[in-house]
Amino acid sequence: MIILIHDRPEAARPDLRDAARVDGVVTYLRDVTDALKRMGRQVVHLCVGKHLAPAGSMDEGWFARPGTGIRQDRHAEEAIVALLAEIGPSVLHFHGIEHVMRPRFLDRLARRWPSAITLHDVGRFCPKGTRLRRDRSICLRGQGVGCVASGCFLPQGVSDLKRLALASARNRALSAMGRIICPSAYIADLARAHGIPADRLRVLHNFSRFPERNETRSGEGRLLFVGRMEPEKGFDHLVAALQALDDLSWHLTAIGIGSLRAMGEQALPADRVTWRDPVTPDDLDAAYLDADLLVLPYVQPESFGMVGIEALSQGCPVVGFPAGGAAEWMRTEFGAEPVSQNDTAALAAAIRRHLIAPPTPPRHPWTNSADSHAAALAALYDEVRAHHA
């Protein structure tokens, strides 16, 4: 019995399955659950959140319980322990629980049951959750008092200082985990630099949820952007790059919401952009197939990134900034072209090259699948049980 413990009810509840506004972790959890079940593994979700009421059942395949937050809530903690004891898990697999379980409680669970955790993002290694300096360059500093001393992180109150102080405790709590799963070597290196036991770290790349295709593109200059329209996602870089390409024929489909969307709507010609709110997986699949080029100007380091490898699996080329774990797939052999970080002119030049002379589909598109990922997870679960024993 594998228990996936996380703070995202959308990943477990069938009535929320068609919700469009889901993040990468929700998508990952849904696809991994389906793949593990295809292998004959029994999987149950435990959704933990501050405002969640007790709900769910074994027959439904999910439970919800109130979270404990960073403060001790003995009643909530004992209710979670009692539920797990009743289920009798073979492995606990944690995802995104930093803000709903205090470190000591996480350590307690990991010492009682064989446990693993996946580090889905850079949030635990930066008080701002971005690993970006004030000038949007990638931070190379370890998290700690230097974040404040350098002026990069400016605490706005006691809660910010507590969060920074808790960071090291959260990382120490991982010492009881049998395996700490990292989506990229970049995340593994960050974890190692922050004192997380190196012998527990395992790199397991993410996968594309879509079947592999390698179709010829239309060559009509159809550009695609998918993501939050925020500074850390480099949306302003994309807008500036497209303004430098007004002599060429192109049309952008921009999928997402964010604080920079209004700026983009004002800066780019209305007849050259289709603005769309977040879409369902089926609609996103269609968008990849329709696009001639996916542009990923993300400046925030990615733990690995889902959007890029999904596009590559569909034979859609990608240009963008190789921030963090994205550098591990943003390579020419997969059909991607990395450009210099935070360099708008280089981004514009790369898009121009693709518009003038569209490349042929890559010989080796990204082909890692949910089933191969689940098989690797199952092997790691065996390691976790052996370590716990």
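The values are calculated or read from the model by the stated rules, or taken from the named source; none is laboratory data. What you are looking at is a predicted structure, and each value in this text was computed from that prediction instead of being measured. Cβ placement follows ideal geometry from the backbone for every residue including glycine, while neighbour counts extend to all protein chains displayed.
Give me the pairs, please: first residue somewhere in segment 61-78 and among the aromatic types (Phe, Trp, Tyr), second residue anywhere and outside any strand (DSSP E or B) and surrounded by fewer than 18 Cβ atoms within 10 Å (Cβ to Cβ), beta-carbon distance under 8 Å, and either six or more positions apart or on two chains.
Partner pairs satisfying both residue conditions: PHE63/PRO54; PHE63/LEU83.
Considering only segment 175-198, how many residues are surrounded by fewer than 21 Cβ atoms within 10 Å (Cβ to Cβ) and more than 23 Å from SER372 (Cα to Cα)?
Residues in segment 175-198 being surrounded by fewer than 21 Cβ atoms within 10 Å (Cβ to Cβ) and more than 23 Å from SER372 (Cα to Cα): 9 in total.
Going residue by residue through segment 77-95, is there one that turns out to be at pLDDT below 90, of a type outside the set (Phe, Trp, Tyr) and assigned by TED's automatic domain parsing to the domain that holds ASP382?
The answer is no; no qualifying residue exists.
Would a scan of segment 151-169 turn up a residue that is within 19 Å of GLU232 (Cβ to Cβ) and modelled with pLDDT of 90 or more?
no
With the structure loaded, tell me whether PRO338 is within 22 Å of GLY219 (Cα to Cα), touching a His at 6+ places or on another chain (Cβ under 7 Å), in contact (Cβ under 8 Å) with a residue 12 or more places away in the chain and not acidic (Asp, Glu) or whether it fails that test. Break it down stepwise before answering.
Numbers: within 22 Å of GLY219 (Cα to Cα): yes; touching a His at 6+ places or on another chain (Cβ under 7 Å): no; in contact (Cβ under 8 Å) with a residue 12 or more places away in the chain: yes; not acidic (Asp, Glu): yes.
Spelling it out, it is not the case that PRO338 is within 22 Å of GLY219 (Cα to Cα), touching a His at 6+ places or on another chain (Cβ under 7 Å), in contact (Cβ under 8 Å) with a residue 12 or more places away in the chain and not acidic (Asp, Glu).
When you check PRO358 against the structure, is it in contact with a Lys or Arg (Cβ under 7 Å, 6 or more places away or on another chain) and surrounded by 24 or more Cβ atoms within 10 Å (Cβ to Cβ), yes or no?
no
Pick from segment 91-118 the residues that are farther than 22 Å from ALA379 by Cα and free of Cβ contacts under 8 Å to residues at least 60 places away in the same chain: which of them is surrounded by the fewest Cβ atoms within 10 Å (Cβ to Cβ)?
Of everything passing the filter in segment 91-118, ARG108 is surrounded by the fewest Cβ atoms within 10 Å (Cβ to Cβ).
Could you pull out every one of the strands (runs of 3 or more DSSP E) wholly within segment 1-90 that has 2 or more residues that are crowded, with 19+ Cβ neighbours inside 10 Å and either more than 21 Å from the chain's Cα centre (by Cα) or among the β-branched types (Val, Ile, Thr) (or both)?
2-6, 43-49, 62-66
Can you name the residue in segment 124-161 that is free of Cβ contacts under 8 Å to residues at least 40 places away in the same chain and either buried (at least 17 other Cβ atoms within 10 Å of the Cβ) or in contact with a Cys (Cβ under 6 Å, 6 or more places away or on another chain) (or both) and is also nearest to GLY324 (Cα to Cα) among such residues? Break it down into steps so the answer makes sense when it comes.
Step one: list which residues in segment 124-161 are free of Cβ contacts under 8 Å to residues at least 40 places away in the same chain, which gives 126, 128-129, 133-135, 139-141, 144-161.
Pick out the ones that are also either buried (at least 17 other Cβ atoms within 10 Å of the Cβ) or in contact with a Cys (Cβ under 6 Å, 6 or more places away or on another chain) (or both) and you get 126, 128, 133-134, 139, 147, 152-153.
Working: CYS126: 14, LYS128: 16, ARG133: 14, ARG134: 17, CYS139: 10, CYS147: 19, CYS152: 19, PHE153: 20 Å.
Result: CYS139.
Please specify each residue of segment 204-227 satisfying the condition of being polar (S, T, N, Q) and either surrounded by 19 or more Cβ atoms within 10 Å (Cβ to Cβ) or modelled with pLDDT of 95 or more (or both).
Correct list: ASN206, SER208.
Six or more apart or on different chains, Cβ under 8 Å: which pairs go from a residue in segment 165-177 that's over 16 Å from GLY142 (Cβ atoms) to one that's buried (at least 18 other Cβ atoms within 10 Å of the Cβ) and acidic (Asp, Glu)? Could you list them?
ALA173/ASP107; SER175/ASP107; ALA176/ASP107
Working carefully through the options LEU294, LEU347, find the one that is over 30 Å from ARG41 (Cβ atoms), over 19 Å from the mean Cα position of the chain (by Cα) and not assigned by TED's automatic domain parsing to the domain that holds ARG38.
So the residue among LEU294, LEU347 that is over 30 Å from ARG41 (Cβ atoms), over 19 Å from the mean Cα position of the chain (by Cα) and not assigned by TED's automatic domain parsing to the domain that holds ARG38 is LEU347.
List every residue pair whose Cβ atoms lie under 6 Å apart, where the two residues are 6 or more positions apart in sequence or sit on different chains, the first residue falls within segment 253-280 and is basic (Lys, Arg) and buried (at least 16 other Cβ atoms within 10 Å of the Cβ), and the second residue, located anywhere, is part of a loop (DSSP other than H, G, I, E, B) and at pLDDT 95 or above.
Once the first residue is basic (Lys, Arg) and buried (at least 16 other Cβ atoms within 10 Å of the Cβ) and sits in segment 253-280, its partners that are part of a loop (DSSP other than H, G, I, E, B) and at pLDDT 95 or above give ARG261/MET229.
Report yes if LEU201 is touching a Lys or Arg at 6+ places or on another chain (Cβ under 8 Å) and surrounded by 19 or more Cβ atoms within 10 Å (Cβ to Cβ), otherwise no.
Considered against the rule, which asks whether it is touching a Lys or Arg at 6+ places or on another chain (Cβ under 8 Å) and surrounded by 19 or more Cβ atoms within 10 Å (Cβ to Cβ), LEU201 comes out as yes.
Please determine, by comparing only the residues of segment 322-338 that are touching a Pro at 6+ places or on another chain (Cβ under 6 Å) and more than 24 Å from ILE181 (Cα to Cα), which one is surrounded by the most Cβ atoms within 10 Å (Cβ to Cβ).
If we take residues in segment 322-338 being touching a Pro at 6+ places or on another chain (Cβ under 6 Å) and more than 24 Å from ILE181 (Cα to Cα), then GLY335 is surrounded by the most Cβ atoms within 10 Å (Cβ to Cβ).
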